[in-house]
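Single-structure report; data block below.
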Amino acid sequence: MKKLCDMVHASFTLNSVAYDKEALCLLAQSFLNSAEEYKKQFGRFVLEWFDANDFIILTTSGTTGKPKEIHLKKEAMVNSAFATAEFFNLEEGCKALHCLPTQYIAGKMMLVRAIVCGWQLDLVKPDAHPLDGNDAAYDFAAMVPLQVENSIAELYRVKKTIIGGAKLNPMLAGKLKTLPVSVYETYGMTETITHIAAKKVQEQAFSVLPGITIGTDERNCLVIEAPRVSDEKIVTNDVVEIVNSNQFKWLGRYDNVINSGGVKLFPEKIEEKLSGKIPYRFFVIGKPDARLSEKLLLVIEAEPYDIQTSVFDVLDKFEKPKEILFVPKFRETETGKIKRLETIQ
């Protein structure tokens, strides 16, 4: 009996052309000779998906540590694809946009979902303006925040958009809340095979996908049980508040928590409060301090300028920065996540 990861759904199309497994592999082989890197990446993954192995090899992003190589089972990826389709109510024939690099898990999963669920997939170059160049309407798309920011005027053409790859900043979230379509922030990582939870931008709590069980450890960090996508419990470094068995609120990264004079500060929550008050990209981080252990440092991507103290009126006493650092350019991963420590070193 054939495995689902070795089959192509009869309704699957790519750029309006129907493909079975053999035809899709021939297309992938031809893409390897393309001058466009995104087509080469797409072709490599298609051939890897249909090879004799029951797993694919991925490298994590390295946002919070050294990148590491992991093996993901193809069967687990198929299960993840079905869970996404069920959660977002995306049926056979769904018109979807593929605008993410296929060398990363989010881009790989868009193709896997389309292949096993029978979607009509449009593959476009994964640049900063994914909706430029066509006027098609879509049922579903996955984008990173920069793509969403650049596509707001056209996002009405996508019924459901999920955002991942980097934290959604509050200013962008505010703009998205007014749109007449559904926009979701997702939670996940390479180890969970892309997202395991999502929330509409108007909501506070993430809801988990089917088959996911959540809890916390002694640090109040999220613990994920997802037997259909991982054989082991996944212990994260994300501090959360459990709302109920299916929902949680994300508070911040445990490794980003700042201990200032015995008070625990969550940088992400401080940044959310300052959203709209600072006209440049910024973040806060702890800096070693002899008296406080760590003092709060505000880092702004700009040339130095005078900041009015009233900007910080929205913050609690201990949340106000003790020092401000201006830098010309943040250090980032390839997926656009800010490398906080490297930026200030």
For VAL8, distant residues with modelled amide H under 5 Å away | LYS21
The chain: relative contact order in percent, alpha carbon pairs under 8 Å with at least 6 residues between = 11
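Add +1 for every Lys or Arg and -1 for every Asp or Glu among the other residues with Cβ under 15 Å from the Cβ of LYS317, and state the total.
+3
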Calculate the translational D of the chain in whole µm² s⁻¹ from Stokes-Einstein, where the hydrodynamic radius comes from the Kirkwood formula applied to all Cα pairs, the temperature is 4 °C and the viscosity 1.567 mPa s.
-> 60
In sequence order, what are the phi-derived ³J(HN,Hα) couplings for segment 212-222 according to the Karplus relation 6.51 cos²θ - 1.76 cosθ + 1.60 with θ = phi - 60°, rounded to whole Hz, with x for glycine and proline?
-> 10, 10, 10, x, 9, 9, 5, 8, 6, 8, 5
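Between VAL17 and GLU225, 0.36 nm times their residue separation minus their Cα-Cα distance comes to what? Let's see the in-between values first.
Numbers: separation 208, 0.36 × 208 = 74.88 nm, distance 3.82 nm.
Length gained between VAL17 and GLU225: 71.1 nm.
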To the nearest Å², the heavy-atom accessible area per residue of the chain with 1.4 Å probe amounts to 50
Probe 1.4 Å - accessible area at SER16, Å² to nearest ten = 100
Only helices counted: for the chain, with every DSSP H run of 4 or more residues adding -39500 (n - 2.57) and the sum spread over all residues, [θ] at 222 nm is -6500 deg cm²/dmol
To the nearest 0.05, what FRET efficiency results for LEU341 and LYS177 with a Förster distance of 35 Å applied to their C-beta separation?
-> 0.65
Obtain the nm distance between the two label points defined at ILE152 and THR333 by a simple spin-label model: each point lies 7 Å from its Cα along the Cα-to-C-beta direction.
-> 2.6
Dividing the mean separation of Cα pairs under 8 Å (6+ apart) by the residue count of segment 192-345 yields a relative contact order in percent of 13
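Computed FRET efficiency, Cβ-Cβ of LYS317 and ALA290, R0 25 Å: what is it to the nearest 0.05?
Working: r = 21 Å, r/R0 = 0.82.
The formula returns an efficiency of 0.75 here.
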May I ask you to give the percent of accessible area on segment 63-200 that is carbon plus sulfur, with a probe radius of 1.4 Å?
-> 51
Going residue by residue through segment 12-27, the Karplus relation 6.51 cos²θ - 1.76 cosθ + 1.60 with θ = phi - 60° gives ³J(HN,Hα) values, rounded to whole Hz and with x marking Gly or Pro, of 5, 9, 10, 6, 6, 10, 7, 9, 9, 4, 4, 5, 5, 5, 5, 4
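Taking N as the number of residues in segment 226-345, what is its Cα Rg relative to 2.2 N^0.38 Å?
On the way: Rg = 16.4 Å, N = 120, 2.2 N^0.38 = 13.6 Å.
It is 1.21.
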Which of GLY118, GLY165, GLY174 moves most in a GNM of the chain, Cα contacts under 10 Å?
-> GLY174
Just the ratio, please: alpha-carbon radius of gyration of segment 1-108 over 2.2 N^0.38 Å, N its number of residues.
-> 1.12
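Here is the link list: LYS73/LYS273; LYS74/LYS175; LYS167/LYS322; LYS73/LYS177; LYS21/LYS200; LYS3/LYS177. Which ones come out longer than 30 Å on Cα distance? Could the numbers behind the result be given before it?
On the way: LYS73/LYS273 40 Å; LYS74/LYS175 37 Å; LYS167/LYS322 24 Å; LYS73/LYS177 36 Å; LYS21/LYS200 35 Å; LYS3/LYS177 41 Å.
The pairs that break the limit, which is 30 Å between Cα atoms, are LYS73/LYS273; LYS74/LYS175; LYS73/LYS177; LYS21/LYS200; LYS3/LYS177.
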With only Lys, Arg, Asp and Glu charged, each at its Cβ (+1 for the first two, -1 for the last two), find how big the charge dipole of segment 138-281 is about the Cα centre; round to the nearest 20 debye.
-> 600
Round to a whole angstrom and tell me the spacing of the C-alpha centers of segment 285-327 and segment 80-141.
-> 40
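Need one number: convex hull volume per residue for segment 161-306, Cα atoms only, in Å³.
Hull volume normalised by residue count: 139 Å³.
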All-pairs Cα distance distribution in segment 71-196, expressed in whole percent, bin size 5 Å | 2, 11, 23, 25, 22, 12, 4, 1, 0
Any idea what Rg and Dmax come out to for segment 261-312 if you just take the C-alpha atoms, in Å?
-> 12.0, 33
Listed residue (ILE193, SER34, THR178) projecting farthest to the positive dipole end of the chain, Cβ model = THR178
From the backbone phi of segment 272-284, what are the Karplus-calculated ³J(HN,Hα) couplings (6.51 cos²θ - 1.76 cosθ + 1.60, θ = phi - 60°) in whole Hz, Gly and Pro given as x?
-> 5, 5, 7, 4, x, 8, 10, x, 9, 5, 7, 8, 10
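For GLN29 and GLU48 in the same chain, what is the full-extension length gain: residue separation times 0.36 nm, less their Cα-Cα distance, in nm?
Details: separation 19, 0.36 × 19 = 6.84 nm, distance 1.11 nm.
Additional length available on full extension: 5.7 nm.
For segment 281-345, what value does the Rg/Rh ratio take when both radii are computed over Cα atoms and Rh is the Kirkwood radius, given to two decimals?
On the way: Rg = 12.7 Å, Rh = 12.9 Å.
Expressed as Rg/Rh, it is 0.98.
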Quick calc, GLU86 & HIS9: beta-carbon distance into FRET formula, R0 22 Å, rounding 0.05, result 0.90
Which listed residue (VAL240, PHE283, LEU131) has the Cα farthest towards the positive end of the charge dipole for the chain, taking +1 on Lys and Arg C-beta and -1 on Asp and Glu C-beta about the Cα centre?
-> PHE283
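What do you get when you divide the Cα radius of gyration of segment 180-258 by 2.2 N^0.38 Å, with N the number of residues? Please list the in-between numbers first.
Values: Rg = 12.3 Å, N = 79, 2.2 N^0.38 = 11.6 Å.
Normalised Rg, Cα atoms only: 1.07.
The values are calculated or read from the model by the stated rules, or taken from the named source; none is laboratory data. None of these values were measured; they are calculated from a predicted model. Don't worry about glycine lacking a Cβ; one is built from the backbone with ideal geometry, like all the others, and counts go over all protein chains shown. Surface areas here come from the heavy atoms of the whole protein model, side chains and all, with no ligands, DNA or RNA. Shrake-Rupley method; radii C 1.70, N 1.55, O 1.52, S 1.80 Å.
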